[in-house]
Amino acid sequence: MSSKPRPGLRLSRYSAPERFAILYRELRNRICFLIYPPGARLSETVLAAEFGVSRTPIRRVLGRLEAEGMIETSQGAATVVTDVDWTSLADLFELRARLSELAGRIGFRKATARDLREMQAVRAALARLARKPDPRRYAELNLRFHRAYTGLIPNKPLREFIELLYAQTNRIWLKELPFIDWQEEIGLFNRQVGLIAGAMRRNDSTAIARTESAIIRTSFDRVRKYRKSRKM
């Protein structure tokens, strides 16, 4: 599902569970990519008109997003997108890292040629991005890499929980991307993707998990460094 707004997307031909899944992913991605930035107001009526559905499925999706802490609704007030909670961010990143280690102990499925081509495509896109930095494009490639990684996890509940935590923490990167050292960041990201791809070729679950866990921890260290330097 694209993270970009798609006016006119009609969902009437889908079943109720399919509509919910599509709406949920689309709205979560819009929050994740700051298309709906912190403080943005979400209207059930407007969203229902855009997607061609009643307000009921919209209300259900918004309820789930609120339970996940991505939006909040006060009684009698508008539904608004929440800001990133820095007090809990370190704990969320650490939980993500430990869940990656758990995924390694459970075991990843064997990577296919298609999986490896996807990793190579991400690396090629990063090389192009290094020549012309673009914060939004960087975030899109990060999500593309993340989906390629989580696609290796056969345990569905674990995979979905890892995806949720990613969505909850990813917004912080878009806030800091305009202030990062682009060449350093893109070069590091490219090397990390290469390490994961190498472990995938060897079918080495332990190496995949350890590399991803290290990526998560070092990513948080860097984003904290960028934020600190911006506030000085």
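Anything over 29 Å Cα to Cα? Flag those among 132/175; 110/132; 132/228, in the order listed.
Correct reply: 110/132.
Give me the dipole magnitude in Debye, nearest 20, for region 110-232 about the Cα centre, with unit charges on the beta carbon: positive for Lys and Arg, negative for Asp and Glu.
Once rounded to the nearest 20, the dipole reads 220 debye.
Net charge around residue 134, counting only other residues with Cβ within less than 12 Å of its Cβ (Lys, Arg = +1; Asp, Glu = -1)?
+4
Using a 1.4 Å probe, what is the accessible area per residue for the chain, in Å²?
Accessible surface, normalised per residue, equals 51 Å².
Select from 71, 40, 192 the residue farthest towards the positive end of the dipole of the chain; place +1 on Cβ of Lys and Arg, -1 on Cβ of Asp and Glu, and compute about the Cα centre.
The residue sitting most towards the positive pole is 192.
To the nearest 500 deg cm²/dmol, what mean residue ellipticity at 222 nm is calculated for the chain from DSSP H runs of n ≥ 4 alone, each contributing -39,500 (n - 2.57), summed and divided by the residues?
For the chain, the value works out to -24000 deg cm²/dmol.
For the chain, count the residues as N, evaluate 2.2 N^0.38 Å, and divide the Cα radius of gyration by that value, please.
Computed over Cα atoms of the chain, the ratio equals 1.05.
Of the residues 150, 82, 56, which exhibits the maximal mean-square fluctuation in a Gaussian network model of the chain defined by a 10 Å Cα contact cut-off?
56
Set the Förster radius R0 to 25 Å, insert the Cβ-Cβ distance between residue 203 and residue 85 as r into 1/(1 + (r/R0)^6), and round the FRET efficiency to 0.05.
0.10
Ignoring ligands, DNA and RNA, what percent of the accessible area of the chain is carbon or sulfur (1.4 Å)?
That share works out to 52 percent.
Tell me, which longest segment in the chain has none of the trypsin sites (Lys or Arg not before Pro) that fall in DSSP loops with at most 15 further Cβ atoms within 10 Å?
111-232
State to the nearest 20 debye the size of the charge dipole of the chain about its Cα centre, where the only charges are +1 on K and R beta carbons and -1 on D and E beta carbons.
About 660 debye.
Membrane-span-like helices in the chain: DSSP H runs reaching 15 Å or more (Cα, own axis), mean Kyte hydropathy at least -1.0?
Counting only whole DSSP H runs, the qualifying helices are 16-32, 55-67, 86-106, 113-131, 156-176, 182-202, 205-231.
The values are calculated or read from the model by the stated rules, or taken from the named source; none is laboratory data. Please read all numbers here as calculations on a predicted model, not as lab measurements. No Cβ is skipped: glycine too gets one built from the backbone with ideal geometry, and neighbour counts run over all protein chains shown. Heads up: the accessible areas ignore ligands, DNA and RNA and are worked out on the full protein's heavy atoms, side chains in. Shrake-Rupley method; radii C 1.70, N 1.55, O 1.52, S 1.80 Å.
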